[in-house]
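Peer 1: The following block contains the structure, expressed as structure tokens.
Read-outs throughout are calculated quantities, based only on the coordinates presented, and are distinct from any laboratory measurement. None of the values given here were measured: they were computed from a predicted structure. Don't worry about glycine lacking a Cβ; one is built from the backbone with ideal geometry, like all the others, and counts go over all protein chains shown.
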Amino acid sequence: MSLQQPRQDGRAIVPNERRTQLAIVASEWREGWGTGVATMLGMGLGAAVMPTVFSLFVLPLGNAFGWTPGQIGLAQNATLLSAIASPFAGRLIDRIGARRLILGGLAGMAIVYLALAAMTGRIALFYLLWAAASLVGVATSGLGFSQIMGLVFPKSLGFSLAVGRTGQALASVALPPALYAAIAVYGWRAGYALMAALILLVALPGVWRWLGRTAPTKPVHPMPEKPSRLTWGRLLTDRRVIIISLAAALAYAALIAIVSQLQPLLVSKGIAPAVAASMMGLIGVSSFAGAILTGMLLDRFWAPAVALTMMLGAASGAALLLWRGSDPLCAGLGLLLLGLGQGAEFDIVGFVIARYFGMRTFGTLFGFVVFAIALGVAIGSSLIGLSFDAFHSYDPALMAATGALMLSGFTYVLLGRYPDRTDCQNSS
């Protein structure tokens with residue numbers, strides 16, 4: 001099977017068409033730049049960075065209240081709520097649009113962060129608040145933003161998803177040292193308060209001002225007034241939906257589990273806490289590069305082959321942390337490889353759903369895949385903390401993560417060739 005991505009009319013892209021492609025990308029972004037900027041801000045401070053934020057509070061909360069990493073990690077089970085809510089949120093997005101849900105989700109997350117800053121030492125309250133954050137955060141995930149980006153940038157979807165995803169990558173670079181400094185000087189409550197302030201003063205105004213306001217008047221693939229109804233039975237019996245869901249769940253479970261305990265993981269390898277906090281930014285840097293690189297590759301090559309390459313690279317990063325994590329140089333290289341995979345995964349999921357199914361019921365399908373992702377994240381993020389409690393080491397979890405990332409890449413390959421445009425529309 002050729003890795004060169006076919007055009008929608010079935011012919012391969014040839015070199016003399018690349019200049020035209022660049023012109024199309026430039027044209028779409030001249031008209032829709034505001035949506036791209038709003039997506040960067042919303043995703044950069046929304047649910048996507050919750051695992052990074054979570055990791056920075058594991059040690060401070062343990063010191064303040066005597067909670068173990070395993071007990072704190074159990075809060076990630078709250079992701080199951082977002083898993084349950086995602087398919088219904090996807091259907092709602094297909095019917096009423098994503099903008100209002102995203103705005104409400106950001107406001108809700110700011111309120112939850114303020115409540116976390118004021119909480120007492122009851123771990124049940126911590127679980128409850130994190131459950132609330134996971135639930136309202138569904139609206140601020142790729143579920144809504146990907147649908148809007150698909151409508152605004154239909155001809156440059158891979159690249160545009162990558163650009164929107166860079167907000168999360170940049171936040172992953174800037175937030176760890178900023179939060180670590182705030183926590184070190186003013187305490188963990190200040191860290192949660194800072195997250196609330198960033199949402200209220202940066203993300204919410206940007207999304208309110210720009211998201212969806214610069215969409216083309218007549219999208220290339222307009223949404224029908226009444227999307228065709230997809231039953232749960234149809235979703236569960238479509239092999240491509242199952243393949244995408246399983247591959248995405250395996251990748252996210254491994255990547256987010258590592259990120260959710262990254263600082264204590266690096267400390268357990270013998271790296272100083274302050275150095276570990278600064279090294280976390282390496283994932284953000286490479287995530288930025290991974291998003292852009294993957295977006296460009298997806299617009300040119302067969303998406304499952306791109307996914308396999310990026311997931312094998314991420315598996316190599318987890319293996320480096322496992323066997324050479326005590327060496328800062330090797331640990332840094334491992335984080336860079338993991339970041340490339342993390343940056344790639346968001347682009348891959350949104351792209352393959354759009355490319356194999358079209359945009360008519362994108363929200364519903366993405367919601368179903370997010371259900372699988374959230375289920376995997378909840379299991380993986382909880383088990384990594386419990387694994388440390390049981391073995392006093394993160395090595396068993398890193399071994400499992402390495403295997404899961406490899407399996408994810410090979411699972412994507414099972415999707416087969418792209419459908420043509422007619423099949424894609426019929427499947428929607």
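Peer 1: Counting Lys and Arg as +1 and Asp and Glu as -1, each charge on the Cβ, what is the dipole of the stretch 28-427 about the Cα centre in debye, to the nearest 20? Walk me through the numbers before you get to the answer.
Peer 2: Numbers: 24 positive and 13 negative charges, 194 e Å.
The calculation lands at about 940 debye.
Peer 1: Separate question: Per-residue HN-Hα couplings for the stretch 29-35, Karplus 6.51 cos²θ - 1.76 cosθ + 1.60 at θ = phi - 60°, whole Hz, x for Gly and Pro?
Peer 2: 6, 5, 8, x, 4, x, 4
Peer 1: Can you give the longest run of the chain that contains no trypsin sites (Lys or Arg not before Pro) sitting in a DSSP loop with at most 14 other Cβ atoms inside 10 Å? It would help to have the intermediate numbers written out before the result.
Peer 2: Numbers: sites that count: Arg7, Arg11, Arg122, Arg213, Arg229, Arg417.
The answer is 230-416.
Peer 1: What full-extension length gain, to one decimal in nm, is calculated for Ala190 and Leu125 as 0.36 nm per residue of separation minus the Cα-Cα distance?
Peer 2: Numbers: separation 65, 0.36 × 65 = 23.40 nm, distance 1.81 nm.
Stretched fully, the Ala190-Leu125 segment lengthens by 21.6 nm.
Peer 1: Report the one residue of Gly313, Ile256, Ile243 whose Cα lies farthest in the direction of the positive end of the charge dipole of the stretch 229-334 (charges on C-beta: Lys and Arg +1, Asp and Glu -1; origin at the Cα centre).
Peer 2: Of the listed residues, the answer is Ile243.
Peer 1: So if R0 is 22 Å, what FRET efficiency would Met296 and Trp33 give, r being the distance between their Cβ atoms, rounded to the nearest 0.05?
Peer 2: Working: r = 18 Å, r/R0 = 0.84.
Given R0 = 22 Å and the Cβ-Cβ separation, E is 0.75.
Peer 1: Can you list the residues, at least 5 places off or on another chain, whose amide H is less than 5 Å from the amide H of Thr361, using H built in the peptide plane?
Peer 2: The answer is none.
Peer 1: Continuing with the same structure: With the crude spin-label approximation of a point 7 Å out along Cα→Cβ, what separation in nm comes out for Ala174 versus Arg417?
Peer 2: Modelled inter-label distance: 4.6 nm.
Peer 1: Sticking with this structure for a sec: Rank Pro205, Ala171, Gly121 by how far each Cα sits towards the positive end of the charge dipole of the chain (+1 on Lys, Arg Cβ; -1 on Asp, Glu Cβ) and give me just the farthest.
Peer 2: Farthest along the dipole direction, towards plus: Pro205.
Peer 1: At Ala23 and Ala64, where each label point lies 7 Å from the Cα along Cα→Cβ, what is the point-to-point distance in nanometres?
Peer 2: Here the modelled spin labels are 5.8 nm apart.
Peer 1: Residue-wise, which Karplus ³J(HN,Hα) couplings in Hz belong to the stretch 168-176, taking 6.51 cos²θ - 1.76 cosθ + 1.60, θ = phi - 60°, and x for glycine or proline?
Peer 2: 5, 5, 5, 5, 5, 7, 7, 5, x
Peer 1: If you don't mind, there's one more thing I want to ask. Going by how many other beta carbons lie within 10 Å of each one, how would you line up Thr68, Thr140, Thr364, fewest first? Let's see the in-between values first.
Peer 2: Details: Thr68 14, Thr140 29, Thr364 25.
Going from sparsest to densest Cβ surroundings: Thr68, Thr364, Thr140.
Peer 1: On to the next question. Which residues' amide hydrogens lie under 5 Å from the amide hydrogen of Phe301, considering only partners 5 or more residues apart or on another chain, with H built in the peptide plane?
Peer 2: It is Gln5, by chain and number.
Peer 1: Given the -39500 (n - 2.57) contribution per DSSP H run of 4+ residues, what per-residue ellipticity at 222 nm results for the chain, rounded to the nearest 500 deg cm²/dmol? Don't skip to the answer; put the middle values down first.
Peer 2: Details: 20 runs with 328 residues, N = 428.
After summing the helix terms and dividing by the residues of the chain, the value is -25500 deg cm²/dmol.
Peer 1: Quick one, which of (i) 60, 42, 41; (ii) 72, 60, 45; (iii) 67, 56, 46 is the actual Cα extents along the principal axes in Å calculated for this model?
Peer 2: Given (i) 60, 42, 41; (ii) 72, 60, 45; (iii) 67, 56, 46, the structure-derived one carries the label (i).
Peer 1: Say each of Leu201 and Asp389 gets a label point 7 Å from the Cα, pointing the same way as Cα to Cβ; how far apart are those two points in nm?
Peer 2: 3.7 nm
Peer 1: Let me ask something else. ³J(HN,Hα) across the stretch 400-408 via Karplus (A = 6.51, B = -1.76, C = 1.60, θ = phi - 60°), whole Hz, x for Gly/Pro?
Peer 2: Calculated HN-Hα couplings, in order: 5, 5, 4, x, 5, 5, 5, 5, 4 Hz.
Peer 1: Out of residues 5 or more away from Ser141 or on other chains, whose amide H comes under 5 Å of its own, with H placed 1.01 Å from N in the peptide plane?
Peer 2: Ala47
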